[in-house]
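Undergrad: The following block contains the structure, expressed as structure tokens.
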Amino acid sequence: MRLAHAFQLSPLHWVGLSTPGSLGNRLFAFVVLITLLMAPAASGFVLQASHASPAHATQDDSRSGAVSGAASQSITPNDDLYERYQWNLRRIHAAEGWRLTTGSPSITVAVLDTGVSLTHPELVRRVVAGYDFINEDAIPEDDHGNGTHVAGIIGAEANNRTGIAGIAWQSRIMPVKVLDAQARGDPDVAAQGVIWAVDHGANVINLGLAGPTPSTPLDDAIEYAYSRNVTVVAPMGNEGTSTMAYPAANPRVIAVAATDRLDARLATSNTGAYISVAAPGEQIASTFKSPGGPDTYAVTGTTAQAAAHVTGLIALMLSLNPTLTPGDIRTLLEASADDVGAPGRDIETGAGRINVYRALSVAAPWSFNAAGAASYAAAGGATNTAYFPLVLKEANGWNTLLAIQNPAPRVANLTVVVVDETGAQIGQFTATAPALGSAILVLSRIPAVPAGFVGAAIVQGDVPITGVANQDHPGRDRLSYVGLPAGTTAIWIPLLMRGASGWDTGLQLQNLSQTTTHARVSFFTQGETVPLAVSVAQLGPLAPLAIYQPTDRRIPNDWVGSALIESLDNQPLGAVVNELSDDGLGMAYTGVGAPAETLTIPLVYKNAADWASGIQVQNAGNGPATVTVSYTPLGGTRTVAVDRATIVPGTATTFYQGANPDLPDGFVGSATVTSLESQPLAAVANAVKQGARMATAYDAIGGGSSTLHIPLVYRDFAGWNAGLQLQNVGAATTSVNVTFYQEDGREAASVSRTLERGASWTLYVPDVAELGSAFVGSAIVTSLGGEPIAATVNQVK
């Protein structure tokens, strides 16, 4: 095939590598030197394989980069060139990412380049049928070397004790040859290759080309790929200038720059404001086949190698979450990148150097597909056991994620046991949480837990821990609740519903003892002292039990009420309540085991940013309780409004902030709930965002603590952000410090503020710039003056 528009490369050096098993783990003198002359292009548009200067293999001297994950939770492949030569994979935290996925055979990567070796042992099981547009046949054999090198970075076999490890080492490689033996190409041919790859099932295309002017046929082909949900990646080019590089400059393309071992821009990498992300491009070891030579390995480095890293990462992202669109992928890549250049976006590295672990974390279905809002009250203390009465794995679309926080200065060894409604142990697995770090346990990724599971989980640590559970269903609102440190023999449930304005509830009990117990559940209608219904159930050791209000025919439709749960055998119990509406809203809270005569509600609204809240207060005492709810605006110390009601024992009353005429629209603040007769109270605060599918709930806080533990916070993580609402509930002014920790336990940021008695503080996590984009971690809140503080955590997407 004659190429109408050709571009020839400047000199390219390859350094061959031997494998330890064959030539003693040494660099050998197999060097392929391709020296080409520049030639003018007929039309002004030229394509070139993005190759460049000589590279020399050395021992790895890379720095340790930041990663949102524990190094102990990584997979180290046994490939014999990995440790010595593949510094690049360690730099982008591939090993941590492989804990989530190593790729999928259902994801196909098209490599549009000089072809791919069809016999290389590291690629032969990965390659699917391709096409050669240069020789117009179905044998896209590499007669140059670059295509094979790029393909190896993307998806070479790994963990096979041979050679190198590819990034997406379970995914497929589709070779599409659009460059000739001199790595010359034509835009029309490349356009044909893109369309062919899309039509033959490619999910992502690595377009290893760079030229100074755009091409309408190629742009049209890229638009065709984009419209069919296929992501296209291209290198920036290697002149070391600001010369525009196409197709990288096409806005539908992920443009990739190259970085060196120190995370600086590779000197030959072109610059531009259109760079999406950067990736390693210096001294990259991969598969290789010289023209007419054997299948082997070699080191080289350009933006073509950098682009291959990004393509491999995209294949992993799609393996984990095939619903992602090209637009989603760009957003997630940029949000999760490590900002290695000038602060913020820059013309040398774009949004930063890719981070595989963080990108996969934000792309994962349990992060990306989840939506809505959720809240939980910060834990006042840590214990060696955390109970989660309700966990799910692929049950009617619901899945549970457990975030376990280790506030101790040493690693926490965790044992997680899941039990069904009989108390039978269904599965057990172990995990670790780094010192001052956290462990994210996603039940859908745990083989020990069967699909369709509904039950409970017990997490035990060899140091005190805290935890929170997120319950997610695609297209529905998130539900969250904090893990229980212990149980009680009596539990108050301030709010249950059946068909009330479209809301229904489910009550999940759990026996937290190793002895069978009988639990009595008494349901109360608002204002009525005689129970509406009473049930007694037997629960085996550690067994949970679901009580779903819509199926209880004793409870009328449009019912709002409360419940009291008692162990008739004095065994500890725990409970979680899920609240779900017909239109997809949801919220959760834990049953109250320790009622108090004064309760703190750190965050309430009256029509503020479309949020409106209500407080459901239950009388847990033996006599009538005159209850007052006092409201204080955000940052203030003076009460501006008071609600009052008398509540009979066992029942509950709703205090709806929107009905208080003394609270102005737009009010944001806190509330204090008090019984004038010193009767113990239990309460839950609900909030709904009008016009959006968002609702939250959390338990009222009794007493507060000088140290609070927050197991899970986000900053721009798959669209999630967190806000902390803190309140000084002590008798004197105190300074409050919030320290954020990455999952691996490293301190990420620290923020302090002085709070007067009764004052509250909203700490919006996105305002903490030091955390960086795509942060997920935990926090510890300390009252430096020793005064008790209370806090709630909001998660909003």
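The values are calculated or read from the model by the stated rules, or taken from the named source; none is laboratory data. A quick note: this is a predicted structure, and the numbers were derived from the prediction, not measured. Reconstructed Cβ throughout: ideal geometry from the backbone, glycine too, with neighbour counts over all protein chains shown. These area figures cover heavy atoms from the full protein model, side chains too; ligands, DNA and RNA do not enter into them. Shrake-Rupley method; radii C 1.70, N 1.55, O 1.52, S 1.80 Å.
Undergrad: Loop-only trypsin sites (Lys or Arg not before Pro) in region 633-690, please: DSSP not H, G, I, E or B, and at most 10 other Cβ atoms within 10 Å.
TA: Arg638
Undergrad: Right, next: Using the Kirkwood radius over Cα pairs, work out the Stokes-Einstein diffusion coefficient for region 455-600 at 37 °C and 0.692 mPa s, in µm²/s as a whole number.
TA: 205 µm²/s
Undergrad: Please identify which residues in region 386-406 have an amide N closer than 11 Å to a label point set 7 Å out from the Cα of Ser535, following the Cα→Cβ vector.
TA: Inside the label zone: nothing.
Undergrad: If I model a spin label at Val124 and Glu394 as a point 7 Å from the Cα along the Cα→Cβ vector, what separation in nanometres do I get?
TA: In this crude label model, Val124 to Glu394 measures out at 3.4 nm.
Undergrad: For the chain, what number results from the quotient of the Cα radius of gyration and 2.2 N^0.38 Å?
TA: In units of the 2.2 N^0.38 Å rule of thumb, it is 1.07.
Undergrad: I've got another one for you. Would you work out what percent of the accessible area of the chain, with all protein chains in place, is carbon or sulfur (probe 1.4 Å)?
TA: Whole-percent figure for carbon plus sulfur exposure: 52.
Undergrad: Could you give the Stokes-Einstein D for region 68-133 in µm² per second, using the C-alpha Kirkwood radius, 4 °C, 1.567 mPa s?
TA: On the way: Rh = 14.4 Å.
Value of D from the Cα-based Kirkwood radius: 90 µm²/s.
Undergrad: Still on this structure, please answer the following. Could you let me know the centre-to-centre spacing of region 251-293 and region 740-797, using Cα atoms, in angstrom?
TA: When both Cα centres are located, 38 Å separates them.
Undergrad: Multiply the residue gap between Ile75 and Ala645 by 0.36 nm, knock off their C-alpha separation, and tell me the result in nm, one decimal place.
TA: Working: separation 570, 0.36 × 570 = 205.20 nm, distance 5.90 nm.
Result for the pair: 199.3 nm of gain on full extension.
Undergrad: While we're looking at this one, here's another question. Per the helix-only calculation at 222 nm, which mean residue ellipticity applies to the chain, given -39500 (n - 2.57) for every DSSP H run of n ≥ 4 and division by its residues, nearest 500 deg cm²/dmol?
TA: About -3000 deg cm²/dmol.
Undergrad: Also, quick follow-up: What angle do you read, to the nearest 10 degrees and between 0 and 90, between the alpha-carbon axis of helix 303-320 and the longest principal axis of the chain?
TA: 40 degrees
Undergrad: Can I ask one more? Scale the Cα Rg of region 263-308 by the rule-of-thumb value 2.2 N^0.38 Å and send over the ratio, two decimals.
TA: Expressed relative to 2.2 N^0.38 Å, the Cα Rg reads 1.38.
Undergrad: Treating region 643-797 as a set of equal point scatterers at the Cα positions, no solvent, please give the Debye-formula log₁₀ I(q)/I(0) at q = 0.09, 0.18 Å⁻¹.
TA: -0.35, -1.21
Undergrad: Cα-based Rg (one decimal) and Dmax (whole number) for region 109-159, in Å?
TA: Cα radius of gyration and Dmax of region 109-159 are 10.2, 36 Å respectively.
Undergrad: Quick one: P(r) of region 657-741 from all Cα-Cα pairs, 10 Å bins, percents rounded to integers, in order of increasing distance.
TA: With a bin width of 10 Å, the distribution comes to 10, 35, 39, 15, 1.
Undergrad: Find how much the distance from Asp462 to Arg410 grows on full extension, using 0.36 nm per residue of separation minus their present alpha carbon separation; answer in nm with one decimal.
TA: This chain segment gains 17.7 nm when fully extended.
Undergrad: How would you rank 465-474, 344-353, highest first, on the average number of other Cβ atoms within 10 Å across their residues?
TA: 465-474, 344-353
Undergrad: Give the Kirkwood hydrodynamic radius (Å, one decimal) of region 395-482, defined as one over the mean of 1/r across all pairs of different Cα atoms. Intermediate values should be presented prior to the final figure.
TA: Details: mean 1/r = 0.0738 Å⁻¹.
By the Kirkwood definition, the hydrodynamic radius is 13.6 Å.
Undergrad: Moving on to the next point. Given the peptides 88-99, 166-177, arrange them by the average over their residues of other C-beta atoms within 10 Å, most packed first.
TA: 166-177, 88-99
Undergrad: Residues of region 761-797 with backbone nitrogen within less than 15 Å of a virtual label 7 Å along the Cα-to-Cβ line of Asn737, please, listed as ranges.
TA: Within reach of a label on Asn737: 779-787.
Undergrad: Through the Karplus equation 6.51 cos²θ - 1.76 cosθ + 1.60, θ set to phi - 60°, convert the phi angles of region 760-774 into ³J(HN,Hα) values in whole Hz; use x for Gly and Pro.
TA: Running phi through 6.51 cos²θ - 1.76 cosθ + 1.60 with θ = phi - 60° gives 10, 9, 8, 9, 7, 4, x, 7, 8, 4, 4, 6, x, 6, 6 Hz.
Undergrad: Compute the distance in nm between two label points, each set 7 Å from the Cα along the Cα-to-Cβ direction, one at Arg84 and one at Thr323.
TA: Using points 7 Å along Cα→Cβ, the separation is 4.6 nm.
Undergrad: What's the center-to-center distance, using Cα atoms, between region 299-370 and region 653-719 in Å?
TA: Computed from Cα coordinates, the inter-centre distance equals 37 Å.
Undergrad: Right, another one. Placing +1 on the Cβ of each Lys and Arg and -1 on the Cβ of each Asp and Glu in the chain, which of Ala451, Ala543, Asn160 has its Cα farthest towards the positive end of the resulting dipole?
TA: Ala543
Undergrad: Taking the 0 to 90 degree range and rounding to the nearest ten, how far is the long axis of helix 216-227 tilted relative to the main principal axis of the chain, both from C-alpha atoms?
TA: 30 degrees
Undergrad: In whole Å, what are the Cα extents of region 327-419 along the three principal axes, biggest one first?
TA: Sorted largest first, the three principal extents are 52, 39, 24 Å.
Undergrad: Among the lysines, which fall within straight-line cross-link reach of Lys393, defined as a Cα-Cα distance under 21 Å, with same-chain neighbours fewer than 8 residues apart omitted?
TA: Within reach: none.
Undergrad: On to the next question. Identify all lysines with a Cα-Cα distance to Lys177 below 27 Å; exclude those on the same chain that are fewer than 8 residues away in sequence.
TA: Cα-Cα hits under 27 Å: Lys289.
Undergrad: Stokes-Einstein diffusion coefficient for region 570-650 at 20 °C in a medium of 1.002 mPa s, Rh from the Kirkwood formula over Cα pairs: what value in µm²/s?
TA: It diffuses with D of about 138 µm²/s by this estimate.
Undergrad: Against the 2.2 N^0.38 Å scaling, with N counting residues, where does region 170-245 land? I'd like the Cα-based Rg ratio to two decimal places.
TA: 1.11
Undergrad: For Thr216 and Asp583, FRET efficiency with R0 = 45 Å and r from the beta-carbon atoms, rounded to 0.05?
TA: So, using R0 = 45 Å, E works out to roughly 0.45.
Undergrad: While we're on this one: For region 378-401 and region 175-218, what is the centre-to-centre distance using only Cα atoms, to the nearest Å?
TA: Cα centroid to Cα centroid, the span is 49 Å.
Undergrad: Among the lysines, select those whose C-alpha is under 20 Å from the C-alpha of Lys797, and discard any that sit fewer than 8 residues away in the same chain.
TA: Hits, sequence-local ones excluded: Lys689.
Undergrad: Angle check, please: helix 187-199 long axis (alpha carbons) against the longest principal axis of the chain (alpha carbons), in degrees 0 to 90, nearest 10.
TA: The helix 187-199 is inclined about 40 degrees to the chain.
Undergrad: Relative to the present Cα-Cα distance, how much length would full extension add between Thr754 and Glu239 at 0.36 nm per residue of separation?
TA: This chain segment gains 180.0 nm when fully extended.
Undergrad: State in Å² the accessible area per residue of the chain; use a 1.4 Å probe, count heavy atoms of protein chains only, and round to the nearest integer.
TA: About 33 Å² of surface per residue is accessible.
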